[in-house]
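The values are calculated or read from the model by the stated rules, or taken from the named source; none is laboratory data. All of these numbers come straight from a predicted model, not from anything done at the bench. Don't worry about glycine lacking a Cβ; one is built from the backbone with ideal geometry, like all the others, and counts go over all protein chains shown.
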Amino acid sequence: MTVQKHDPARKGEADKPRAPAGAGQPRRTAVITGITGQDGSYLAELLLAKGYDVVGIVRRTSHDSYERIGHLLDRVHIVPADLLDQHSLTSVVRDARPDEVYNLAAQSFVPTSWTQPVLTGEFTALGVTRLLEAVRLAHPTARVYQASSSEMFGKAQETPQRETTPFYPRSPYGVAKVYGHWITVNYRESYGLYAVSGILFNHESPRRGLEFVTRKVTDGVARIVKGKARDLHLGNLDARRDWGFAGDYVDAMWRMLQPPRPADYVIGTGEMHSVRELCDLAFSHVGLDWQKYVTVDPRFVRPAEVDTLQADPSKARRELQWTPGTSFADLVRMMVDADLERLS
């Protein structure tokens, strides 16, 4: 669907401060790749609440999965395009003429990146280049957000990790994300695009995919409570992560595109918790002892493990006035309750 809107397209427009949307201001337009995913659904809700026109890019597949955005379908424009197809991306950007572009689409499941490393590179690395090239060619005043990842730090060279911490990825997914991060920096510096990378640490919610460990745990707890399962098989219980709530993190994405100058930011809580703690919180929320139900299964241990990831989000706090609003314990309880309700 084409979105008609005024575009000043003046040189240097991307560097100017932006007036907040509201009375007397034209409606902004945002394009979101990956709108059907966890982050895309929360971001679409946020932008709609701020008065944006939202254009969501989806792939043409044999089945459409709009579960997370079903309640938004009458308020967003859904258009077909693909990160593997340059022409389709350029066409969407040319037609929508967006103020902001959020690239949230990727092959984002780390274990799958080991079994499909080439496909992961095509989507998660080269797909970023195709989208940046679409913006450069069709509408270079658009501001671009690239979803970078804490997995880029991998075998962390310092703890906590900040914007200046060297990358040491430990999976094909992490390697692809490093490419996506640096090509974004390259287009910013080479072509003057307003393009930023948000280095987001793990962020979860009831909308998280069942293949991710947090959701695997909370869904497992709910299934055990409902008598649909007797145990839960996991990998490395000592792996530690900086986990936050996805609904908080999409606000950081939006804030990154508002300042007059582009910059990259680390987004996280600054706290670490182990998978063991995750299990303890989730099972104790329903009055169960996790040790009676959880089994360590070697099948779920990564070939190269990432043991410790912890954010230093001080730059985001200082420059974006962003802070997470949901504690780890509240997040886990929220997810368990949602899975219990879903299975009821």
(message) So A147 ticks every box in (1) closer than 15 Å to Y265 by Cα; (2) without any contact (Cβ under 8 Å) to a residue 60 or more places away in the chain but one. Which box is left unticked?
(response) (2)
(request) Considering (1) modelled with pLDDT under 95; (2) over 24 Å from S171 (Cβ atoms); (3) among the β-branched types (V, I, T), say which one V286 fails and leave the rest. (result) (1)
(message) For the condition in the same structural domain as I57 (by TED's automatic domain parsing) and either modelled with pLDDT under 95 or farther than 19 Å from D39 by Cβ (or both), what is the one hit in A106, A147, A195?
(response) A106
(message) Residue pairs, Cβ under 6 Å, 6 or more apart or interchain, first in region 237-255 and in a loop (DSSP other than H, G, I, E, B), second among the aliphatic types (A, V, I, L, M). List them.
(response) L237/V275; A239/V275; D242/M272; D242/L309; D242/A311
(request) Scan region 15-46 for residues that are modelled with pLDDT of 95 or more, surrounded by fewer than 24 Cβ atoms within 10 Å (Cβ to Cβ), under 24 Å from T129 (Cα atoms) and among the acidic types (D, E) and report the count. (result) 0
(message) If I ask for residues that are of a type in the set (A, V, I, L, M) and out of contact with any strand residue (DSSP E or B) (no Cβ under 7 Å at 6 or more places or on another chain), which ones from region 234-252 would you list?
(response) V250
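Going through D312, D297, D280 one at a time, which residue ends up being surrounded by fewer than 16 Cβ atoms within 10 Å (Cβ to Cβ) and within 24 Å of D238 (Cβ to Cβ)?
D297
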(request) Scan region 160-171 and report the pairs whose first residue is in the same structural domain as M256 (by TED's automatic domain parsing) and closer than 17 Å to M272 by Cα and whose second residue is part of a loop (DSSP other than H, G, I, E, B) and among the aromatic types (F, W, Y), with Cβ atoms within less than 6 Å and a gap of 6+ or a chain change. (result) Q161/F153
(message) I'm checking my understanding of the structure. Among residues of region 184-217 that are among the aromatic types (F, W, Y) and assigned to a loop (DSSP other than H, G, I, E, B), which one is farthest from A125 (Cα to Cα)?
(response) F212
